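The values are calculated or read from the model by the stated rules, or taken from the named source; none is laboratory data. The shown structure was predicted, so the numbers you read here are calculated from the model rather than taken from an experiment. Glycine also receives a Cβ, built like all others from the backbone with ideal geometry; neighbour counts cover every protein chain displayed.
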Amino acid sequence: MSKKILYHGSQLIIPKPIFGKGKTYNDYGLGFYCTENIELAKEWATNEGVDGYANQYEIETDNLTILNLSDYSILSWLAILLENRVFKLSSPIEKKGKEYLIQTFTPDYKDFDVIIGYRADDSYFSFARSFLSNTISLRQLSYAMKLGKLGEQFVLKSEKAFQSINFIDYSIADNTSYYPKRKKRDNDARLAFFKELENEDINGLYLRDIIKEGIKPNDERL
């Protein structure tokens, strides 16, 4: 029997997550977004001047199908993000890039009970936009995604997954402590990213190259 302890940061205490409730435009679509790191959950739970809660759960995973995006190219993560998040595309390369990435790199993810993958907070989302606008290379995007040390999200997607999770307890996230930590994590990631951009990746693989060469998921350069 394989069990995990998960945390969900929120401004609410959630003793029973409800299947089908929530925002449809989150990173991986509708689902219940958790982490195995209580400190990150507390950071995500707070806003300026507003405390939150780290809801603690236990989940039995033996009978669940799990898609771990670390087994795929980072472009598969980006393709799923592009399919679910709502944002304005301002240039032809962004529009063409979104279309190509979704068509070529989206794994068959919708029938899995659980998805594990990056969390696209404000800084991560801006890094993805930079790649989509052909500003940074694939190598630079891969580097950027490790800067915030956000770990991975554990996202419940199916009704079966929701039935497998049990509430244990909650702890308070004090905004005077955890909101500054959240802001510092984001700012540090952005500063490190801008420093990396000082080193132009002349020979790197950019989105325009991926489209022009018709690169597929099995390409050894990914």
>> Please return the ranges of strands (runs of 3 or more DSSP E) entirely within region 48-152 where 3 or more residues are at pLDDT 90 or above, of a type outside the set (A, V, I, L, M, F, W, C) and surrounded by 18 or more Cβ atoms within 10 Å (Cβ to Cβ).
In response: 52-60
> Could you say which residue among LEU222, LEU207, LEU191 is aliphatic (A, V, I, L, M), surrounded by fewer than 17 Cβ atoms within 10 Å (Cβ to Cβ) and under 21 Å from the mean Cα position of the chain (by Cα)?
Replying inline: LEU191
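Taking region 153-169 on its own, how many of its residues are buried (at least 17 other Cβ atoms within 10 Å of the Cβ) and either out of contact with any strand residue (DSSP E or B) (no Cβ under 7 Å at 6 or more places or on another chain) or not in a helix (DSSP H, G or I) (or both)?
Initially, region 153-169 is screened for residues buried (at least 17 other Cβ atoms within 10 Å of the Cβ), giving 153-158, 161-162, 164-165.
Applying the additional criterion that residues be either out of contact with any strand residue (DSSP E or B) (no Cβ under 7 Å at 6 or more places or on another chain) or not in a helix (DSSP H, G or I) (or both) yields 153-158, 164-165.
Going through region 153-169 one residue at a time, the tally reaches 8.
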>> Residue pairs, Cβ under 9 Å, 6 or more apart or interchain, first in region 189-213 and among the hydroxyl-bearing types (Ser, Thr, Tyr), second at pLDDT below 95 and in a loop (DSSP other than H, G, I, E, B). List them.
In response: TYR206/ASN134; TYR206/THR135; TYR206/ILE136; TYR206/SER137
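Before we move on, is ILE172 modelled with pLDDT of 85 or more, farther than 30 Å from ASP62 by Cβ and part of a loop (DSSP other than H, G, I, E, B)?
Details: modelled with pLDDT of 85 or more: yes; farther than 30 Å from ASP62 by Cβ: yes; part of a loop (DSSP other than H, G, I, E, B): no.
For ILE172, the condition - modelled with pLDDT of 85 or more, farther than 30 Å from ASP62 by Cβ and part of a loop (DSSP other than H, G, I, E, B) - is not met.
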> Looking at region 19-47, which of its residues are more than 13 Å from VAL155 (Cα to Cα), touching a strand residue (DSSP E or B) at 6+ places or on another chain (Cβ under 9 Å), part of a loop (DSSP other than H, G, I, E, B) and touching a residue at least 24 places away in the same chain (Cβ under 8 Å)?
Replying inline: ASN37, THR46
> Looking at region 19-40, is at least one residue more than 16 Å from the chain's Cα centre (by Cα) and under 20 Å from SER130 (Cα atoms)?
Replying inline: no
> Which one is modelled with the lowest pLDDT among residues in region 202-222 that are within 19 Å of GLU94 (Cβ to Cβ) and part of a loop (DSSP other than H, G, I, E, B)?
Replying inline: GLY204
> Mind checking which residues of region 175-184 are modelled with pLDDT of 95 or more, farther than 16 Å from ASN55 by Cβ and within 23 Å of the chain's Cα centre (by Cα)?
Replying inline: ASN175, TYR179, PRO180
